[in-house]
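Worksheet: one structure, shown below.
The values are calculated or read from the model by the stated rules, or taken from the named source; none is laboratory data. Just so it is clear, the structure is predicted and the values come from calculations on it, not from any experiment. Don't worry about glycine lacking a Cβ; one is built from the backbone with ideal geometry, like all the others, and counts go over all protein chains shown.
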Amino acid sequence: MWLFYLYFTVFHLSSISLADWSSASAIRLSRQCWREWPLFSADIQSSSDGLTELVFDGSQHSSSRFDGGSSINSGPWTYAPVCTRLLESLGSQLCVYTNRSFSNGRGISIFTTPRIAKEFAALPAFQHPQAQDINTFSGAWYTRELPGKGMGMMAKKQLNFGDRVTAYTPALIAHLEQELSTLEREKYFRIAISQLPRPLQDRFLKLATVYGDPRIKVQDVVKANTFQLHAGGQDHLAVFPETARLNHACAPNAQYVLDPVHLTHTVAATRPIEPDEEITISYTSPLEPTDMRQRHLSDGFHFTCSCPRCIARDKSDATLQRMMDMQKVLNDWQPTSMASPKLAEKMLQLYRDEGLEGFLDIPYGFAALAYNAVGDSNKAEKYAKAAQEAILMKDGPWTANMQIWNEMLENPKRHWSFRARSR
Ligand SMILES: *[C@@H]1O[C@H](CO)[C@@H](O)[C@H](O)[C@H]1NC(C)=O
């Protein structure tokens, strides 16, 4: 029985954590709000630094750079790192690390501690050439202004389940910290951006902002477009300029996953998308009740969610509740349990009806268990494979969740769930 509890916990984790690359360095990603670090514009009024004069031109910085002293330029970095003073809250300096030739010439800048920079440098992303289909236009999308929504990403052609929309590496990764003043932080963020190759710099600076204050331009862009990335045991912010054009939906037609080894963020369609239909992902877990989703979206992304599932909140919350209730029954392994394959199929249909095709790993997993529990190992196998396919699109092959279904697929009849309910 303990096995099942492990599985249950992992299930719930799966909606937030993306991947465990190794036990030493776990890199996870979520499209998260930046609540922990609100950018108060008041911060700025009190200081006058010549910041607006900073130009976004890498060549100028390379001549006027200073070195942190303690950090020697080793690793895959184009320039000597530019470092802050020792930050007490971190017990470390933070430095800007740039690789201008990263991923076939796209470039990347990372603002982090020397220790974590070393961990990044050890990733295959910095050791071997990246796959050619990364950071190249997939032909699947275009962007356009949408009334009341800013820019959005649209399908350029018919997309089907599993079709790739985008696959990009981040332009900027920055350690989350609250010790630097807004203007100090802006200085380092600007160096990070200015050291990138021009095309990426331009794409970054064209992104939407929240405040529209030119003095904090780079943080403003980060604020409006960030994913939260867990790396080296610390929270970082990551901006993927192309992917940032994807708007939110509570019943999205696409799902994203991060390859933590190649630092590649991939988006794929989770149901058919018509040409000129908007492509969307969910910024917050669509399995949360509407209240919570709306709070996350307004706190973190400064918009009021008006997607159909938010507007029809009573209906959508009631459906979520039904799904949770069914899950509870399917999770009951007592002899009196009312769980059945039929109930599992019903739950799967509810997810589909809600437009949650990108989150079917959960109902597929329960279906696999429910069928195996009554001795139908063929159906169990089919659903375990479907669960894995869903996990691949959402969490990646590195996750513990994959292992759960590998174990079942090795031999469903030997799995602990086999005939567990047919006595
Ligand atoms: C930058 O990263 C690439 C891998 O994408 C690597 O091949 C290259 O050596 C790195 N650049 C430097 C200056 O080390």
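Restricted to segment 124-178, the set of strands (runs of 3 or more DSSP E) holding at least 1 residues that are within 27 Å of residue 192 (Cα to Cα) and within 16 Å of the ligand (Cβ to nearest atom) comprises 164-168, 172-175. When segment 276-295 is filtered for residues that are within 20 Å of residue 322 (Cβ to Cβ) and either touching a residue at least 60 places away in the same chain (Cβ under 8 Å) or not basic (Lys, Arg) (or both), the ones remaining, listed by number, are 282, 285, 286, 287, 288, 289, 290, 291, 292. Each residue in segment 376-402 was checked for being assigned to a loop (DSSP other than H, G, I, E, B) and within 20 Å of residue 347 (Cβ to Cβ), and 2 pass.
When you go through 144, 100 one by one, which is the residue that is among the charged types (D, E, K, R) and surrounded by 12 or more Cβ atoms within 10 Å (Cβ to Cβ)? 100 is the lone residue from the list that is among the charged types (D, E, K, R) and surrounded by 12 or more Cβ atoms within 10 Å (Cβ to Cβ). The condition (being surrounded by 15 or more Cβ atoms within 10 Å (Cβ to Cβ), more than 23 Å from residue 247 (Cβ to Cβ) and not assigned by TED's automatic domain parsing to the domain that holds residue 170) is satisfied by just one residue among 262, 296: 262.
Can you tell me which residues in segment 191-209 are touching a residue at least 60 places away in the same chain (Cβ under 8 Å) and crowded, with 20+ Cβ neighbours inside 10 Å? Answer for segment 191-209, where residues must be touching a residue at least 60 places away in the same chain (Cβ under 8 Å) and crowded, with 20+ Cβ neighbours inside 10 Å: 191, 192, 193, 194, 195, 196, 200, 201. Of the residues making up segment 304-332, those that are hydrophobic (A, V, I, L, M, F, W, C) and free of Cβ contacts under 8 Å to residues at least 24 places away in the same chain are 311, 312, 318, 324, 329. Scan 405, 416 and give me the residue that is surrounded by 15 or more Cβ atoms within 10 Å (Cβ to Cβ) and assigned to a loop (DSSP other than H, G, I, E, B). Exactly one residue qualifies, and that residue is 416.
Here 325, 314, 332, 291 are screened, and the one residue that is of a type in the set (D, E, K, R), closer than 24 Å to residue 150 by Cα and exposed (fewer than 15 other Cβ atoms within 10 Å of the Cβ) is 291.
Taking the numbered list (1) at pLDDT below 95; (2) out of contact with any helix residue (DSSP H, G or I) (no Cβ under 7 Å at 6 or more places or on another chain); (3) within 15 Å of the ligand (Cβ to nearest atom) in turn, residue 81 passes all entries but (1). Within segment 86-107, take every residue that is more than 17 Å from residue 75 (Cα to Cα) and part of a strand (DSSP E or B) and give me the one that is farthest from the ligand (Cβ to nearest atom). It comes out as 87.
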